[in-house]
There are 2 protein chains.
Amino acid sequence: MNWDTVFAERTSEMKRSTVREILKLTAKPEVISFAGGLPAPELFPVERIREATDTILAERGTEVLQYSTTEGMPELRKLIAKRLSNDTLKISPENILITSGSQQGVDMIARILLDERDRVIVENPTYVGMLTSWKPYHLHFSAVPTDNNGMQVEGIVPLLKDKHKLIYSIPTFQNPQGTTLTRERREKLAEILVDNNLLYVEDDPYGELRYSGDPVPSVLQIEAAHRGATDVTGNVIYCGTFSKVLTPGLRIGWIAAAFPVIDKLVQAKQATDLHTSTLNQFISYEVARDEEFLNNHIAHLREVYRQRRDLMLKTMEDHFPEEVTWTRPEGGLFLMVTMPAHLNAAELLVKALEQNVAFVPCDAFFIGDMGHNTFRLNFSNARPEMIVEGIKRLGVVLKAAMR
Amino acid sequence: MNWDTVFAERTSEMKRSTVREILKLTAKPEVISFAGGLPAPELFPVERIREATDTILAERGTEVLQYSTTEGMPELRKLIAKRLSNDTLKISPENILITSGSQQGVDMIARILLDERDRVIVENPTYVGMLTSWKPYHLHFSAVPTDNNGMQVEGIVPLLKDKHKLIYSIPTFQNPQGTTLTRERREKLAEILVDNNLLYVEDDPYGELRYSGDPVPSVLQIEAAHRGATDVTGNVIYCGTFSKVLTPGLRIGWIAAAFPVIDKLVQAKQATDLHTSTLNQFISYEVARDEEFLNNHIAHLREVYRQRRDLMLKTMEDHFPEEVTWTRPEGGLFLMVTMPAHLNAAELLVKALEQNVAFVPCDAFFIGDMGHNTFRLNFSNARPEMIVEGIKRLGVVLKAAMR
C-alpha cells in the first residue's frame, strides 16, 4: 500500500498537535515543564472520587457499566444546567449535551455547522486545539486582534461585509494569553451577534478559576439578557468541562445551546462515539452533586493557583530581562510572554530544554505568519519551588538570547 | 435564528439512529425488548471492576485522573496487541490505538480515509451505526449480497471496474444477521485485497462470543498470512472493543492497523477528544491483565448466551408461523428474521409494542429500498423466561399479520 496517496484530502490539514508533541519531550522527570495545560494532580480530589466510585459501583453497578443515552445522564444534565443558570437565565437540562471533554464539544460543533471553505471569526491568537480540529474543513479564519482586555470586538464589524458562519473565542482566561474579555466588550459582542444573526461559540474551560478581579457573566448569560430572554434560545453555543475543576482523566464536558443545536449535536454524537462513558458521568455527578464539597474544592484550587500565579509573576519580574513583556491573567492556567520581534520561541525552546525547562511556543496559536516571538507558560502544574527554579533558569536562557 | 438554514450541508445525511430511538420507546419496564444490542448486565463483572478501580485509585490516583497520551495507555496497547496476535502474526503495541468504543474507531476511519463521494463496498445488510457515521460524507455504497456464510465475496470483483476506496464489513457474527464469513471466503477476500491493493475495515465487536462451530481466524490474521507477513503492514484496519466481553459503559475499544494509519488516526483523535478516559483505560487493563479471569469470564458469557440463543431459536421454531425464516448464528448477540415480502417490520413493531415486545426493523441496515420485511432480534439481554414469553407474544403478532 502506498500510504502517501491513500488518505482523505482533509488530512492534508491534519498534523500532530505541536503542544502534545512537546509534552512528550518534557515527560522526563528532570524537566521543569510549564508546557502542559495540566491541572495540579496533587489537588485532585482522589479520595472523594474513590469513595464516590465505590458507592455507585456498589449501588448501581450494572446500570453504570451499561450503554446509556447519547444526550447524557439526566441528573448530570440537570446539575450542569443549574450551575450555568443565574437570576434571569434559567437553563433547562434539554439544552445540555454531555460530551467527552470540551474538546469533543468544539469538534462536534464544527461537524454540524461548518461547510468546507466557510468563514469563521476568531481572536488572534486563538486556541490551538480548535485550529487542529477545524482546519481540516479548509476554513477561512478571519482574525481579530486582542489586547489585555481580550478580543477587540469592534474589529468584528468591518469583517461582516463578507458572510461569516460564526465567531469562536475563549472569553475568560484565554488560552494562550490568560486574558479576559471585559463586560463592556461582552455587551458589545452580544449586540453584534443579535444584530447580525451570528452564531458565537463560547469555549469556557477555565471560567471558574478566578484568582483576582471581579467576576464577569458568561457571554451566554449576557447575550440572553441582551435579548431579554430567560432561556437558551439564542445565538450562543457554550462549551464547558469538569477537567479543570475536578479532573481531566474522566473526560466529562458539556455543551449548552438552543435545542435545535443540541438535537443536531446528538445526531453527530451518536455517530461519533454513541455516548460518553456512563461510569464517568455517574462519578462526576456523585462528586459534584455535593455542592458544598465542589465549591470548597474550587475555592481551594483558586487559592493554590493564585499563589502559583503570583509567585511566577514575581519571579519573572525579578529574573526576566526588561525587553520581555507578558500578560497578567486574573485566572485560568496560562500567561503569554512576548519577546523582542527578532527572537524565535521555538529556537529558545531548544536552549531551554538544554537547561531542563519547557514551555510552548505560541506561533501555532496565531492566524497568519506571526507570534514567533511569543510563548505560553502554565502556572498551575508545577509546585512553588519548581516555579522559582524554572523561571530563574528561563531568565538565564532569555538573557543569553538577548545578547 | 432560523435553525433550518444554519447547519452544515453534511447534516442533511444525519438523523437520529432509528435503533437508539426505538430503545427509548422500550425503556418501560413492562416491555420485553429484543431491540438493543445490550449485553446482559447481570453478567457484568461488577465486583471485579469495583476492586480494580479501588486499587488503581488507591495506588495511582493522580496518574489515572490526569490527561494522558492520545495513543492510549502503553500497557493496555501491549495487552491488546498480544490478544490479537497468533502463532505467525505478531502485532506490536505501535499498531494499536485506544478508542472510545469501536464506534469511534469506525467513525475516525472515515475521517482519515474518505473523501466526499468516494465509493465503498459493504455487505447488504450492513451495520447501521457505520451508515450513520459515514453517510454525511455522501458516499456511494456498493452493496454485496450476503447469505448464511456472510458476504458473497465473489460479488466484489465485478464492482472493481469502478474505483473503490475500501471494503467494510463485520465478518464474524454480523450485526444484524449474526452470520459469519467462512474461512474459504476470508481467504478469497484476502486475495482480492492484496491483488487490487484495496483497504478493508474489519469491524469485530463480537468475535470472542462463539457458542458453536469452529473458530475462524480474523481477516487481519488471514490477510497477513496470505502476504506471508508476520506483522501488521497490510491492507486490513481492525476495530475491536471490550464492550461485549467486559462492559460497554467504560467505552474502551481499539484499532489495529499499519503504522501510517495509526499515525494519521492519532492526529484525528487529538482533534476529536484528545484521548480516551485515562481512568477507564486503567480499569480495563487492571481487569484484563488477569488473563485467567478474563478468559473464564468470556467462557461464562459464552455459556449463558449459548443457552439464550438456543432457547430463542427453539421457541421461535415452536411459535413462529412457517412462512417466516431466520438466521441461526454461531455466536454474537443477534439473529435476523425475514417475513414474507408483503409484510412490513415497522408496521409489525407497532403491533408488537401493543403487546409490550420490541425488536429493530432492519430496513435501515440495507443499502437500497429493501429489507422492509426483516427485523433483528437480540438474544443476549433478556433473561430466559422473558425470551420465552416475548417470543410467544411475537409469534401471536406474526400469525395475526399473516392473515
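The values are calculated or read from the model by the stated rules, or taken from the named source; none is laboratory data. The shown structure was predicted, so the numbers you read here are calculated from the model rather than taken from an experiment. Note that we place each Cβ from the backbone using ideal geometry, even for glycine, and neighbour counts take in every protein chain shown.
Before moving on, here are some points about what is shown:
- Flag for A:V232 being touching a Leu at 6+ places or on another chain (Cβ under 8 Å) and away from every other protein chain (no Cβ under 14 Å): no
- Selection status of B:D203, assigned by TED's automatic domain parsing to the domain that holds B:V128, in contact with a Cys (Cβ under 6 Å, 6 or more places away or on another chain) and of a type outside the set (V, I, T): yes
- Check on B:A346, in the same structural domain as B:H372 (by TED's automatic domain parsing), modelled with pLDDT under 95 and aliphatic (A, V, I, L, M): yes
- Any hit, segment A:292-306, residues being within 30 Å of B:T69 (Cβ to Cβ), in contact with a Pro (Cβ under 8 Å, 6 or more places away or on another chain) and either surrounded by 17 or more Cβ atoms within 10 Å (Cβ to Cβ) or of a type in the set (A, V, I, L, M) (or both): yes
- Test result for A:G240, in the same structural domain as A:Q103 (by TED's automatic domain parsing) and crowded, with 24+ Cβ neighbours inside 10 Å: yes
- Residue in segment A:357-376 that is in contact with a strand residue (DSSP E or B) (Cβ under 7 Å, 6 or more places away or on another chain), more than 28 Å from A:S142 (Cα to Cα) and in a loop (DSSP other than H, G, I, E, B) present: no
- Matching residues, segment B:123-143, being more than 10 Å from every other protein chain (Cβ to nearest Cβ) and surrounded by 24 or more Cβ atoms within 10 Å (Cβ to Cβ): B:E123, B:P125, B:T126
- Residues satisfying the criterion are present in segment B:60-69 (criterion: surrounded by fewer than 17 Cβ atoms within 10 Å (Cβ to Cβ) and free of Cβ contacts under 8 Å to residues at least 24 places away in the same chain).
- All conditions in (1) more than 10 Å from every other protein chain (Cβ to nearest Cβ); (2) closer than 30 Å to B:F334 by Cα; (3) in contact with a Ser or Thr (Cβ under 6 Å, 6 or more places away or on another chain) hold for B:L79, with the sole exception of (3).
- Some residue of segment A:229-248 being within 18 Å of B:T278 (Cβ to Cβ) and assigned to a helix (DSSP H, G or I): yes
- Listed by first and then second residue, the pairs linking a residue in segment B:91-107 that is in a helix (DSSP H, G or I) to a residue that is modelled with pLDDT under 95 and among the charged types (D, E, K, R), with Cβ atoms under 8 Å apart and 6 or more places separating them unless they lie on different chains, are B:N95/B:D231.
- Within segment A:1-38, considering residues that are touching a Ser or Thr at 6+ places or on another chain (Cβ under 6 Å) and at pLDDT 90 or above, the one farthest from A:F375 (Cα to Cα): A:S33
- Looking only at segment A:197-227, and only at residues there that are of a type in the set (D, E) and not in a helix (DSSP H, G or I), the one that is farthest from A:R83 (Cα to Cα): A:D214
- Residue check for A:K15: outside any helix (DSSP H, G or I) and more than 10 Å from every other protein chain (Cβ to nearest Cβ): no
- Of all residues making up segment A:254-271, the number that are within 8 Å of another protein chain (Cβ to nearest Cβ) and closer than 24 Å to B:I112 by Cα: 6
- Filtered residue count, segment A:248-266, keeping only those that are free of Cβ contacts under 8 Å to residues at least 12 places away in the same chain and crowded, with 24+ Cβ neighbours inside 10 Å: 1
- All of B:L274, B:L333, B:L348, B:L343 fail the test of being over 23 Å from the mean Cα position of the chain (by Cα) and within 14 Å of another protein chain (Cβ to nearest Cβ), apart from B:L274.
- Among (1) buried (at least 24 other Cβ atoms within 10 Å of the Cβ); (2) within 26 Å of B:M108 (Cβ to Cβ); (3) of a type in the set (S, T, N, Q) - the single one B:T179 does not satisfy: (2)
- Residue identified as part of a strand (DSSP E or B) and assigned by TED's automatic domain parsing to the domain that holds A:S277 among A:I112, A:I121: A:I121
- Verdict on A:E9 being more than 10 Å from chain B (Cβ to nearest Cβ), of a type outside the set (S, T, N, Q) and farther than 25 Å from B:S68 by Cβ: no
- Residues satisfying the stated conditions in segment B:59-70, i.e. within 7 Å of chain A (Cβ to nearest Cβ) and in a helix (DSSP H, G or I): B:G61, B:T62, B:V64
- Within segment A:145-176, tally of residues that are surrounded by fewer than 24 Cβ atoms within 10 Å (Cβ to Cβ), polar (S, T, N, Q) and not in a loop (DSSP other than H, G, I, E, B): 1
- Residue identified as away from chain A (no Cβ under 14 Å) and aromatic (F, W, Y) among B:F44, B:F34: B:F34
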